[in-house]
Amino acid sequence: MNRIITLFIISLIGSFALTGCNWNKASKVSNKEKYFEATVLSVTLNSLLVEPAEGTTERNSADKIEISTSNIDDEDSLLYLSKAAIGDKIRIGYMDDIKESYPAKINEVFHISLIESEQSTQWARIPMVLIDGKLY
């Protein structure tokens, strides 16, 4: 009789332990969406190298982050990526954690949008020359 009670208690404890393991897995799968702003440093076919803006938690993690663009299917993000340029200020949405390496890496990016283009501010300047004290 003691054996039956002991086996019952062990199986009950084991089932609670396994249930607890499943809850931990479920919480890891449901990552929260995160966003941050950054400046584009380099553009390649499947990634962007960015510098996170000052004061962001991502900047505390690394000064350069490689953003994988191969899994993005958002139409607006794909439109931006077709004309991405160095110096652009962008907003990045991701789900994954930042991989600790140098540069750091983020693989699960779902959104990239343009905040300010370096190209538009470049042509807003009027070229001038100072010759003999006169501004032309």
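Read the figures in this text as sums done on the coordinates, not as results from a lab. Since the structure is predicted, the reported quantities are computational estimates derived from the model, not experimental observations.
Can you divide the C-alpha Rg of the range 34-122 by 2.2 N^0.38 Å and report the result to two decimal places?
Values: Rg = 11.8 Å, N = 89, 2.2 N^0.38 = 12.1 Å.
Its radius of gyration relative to the 2.2 N^0.38 Å reference: 0.97.
Using Cα positions and a limit of under 20 Å, work out the lysines in reach of LYS32, with same-chain residues fewer than 8 apart set aside.
LYS99, LYS105
Name the aspartates and glutamates eligible as straight-distance cross-link partners of LYS89: C-alpha to C-alpha under 12 Å, and not fewer than 8 places from it in the same chain.
Excluding near neighbours in sequence, the set is GLU37, GLU51, GLU116, GLU118.
Name the long-range amide H neighbours of ASP88: under 5 Å, sequence gap of 5 or more, or other chain; modelled H, no Pro or chain starts.
VAL40, GLU118
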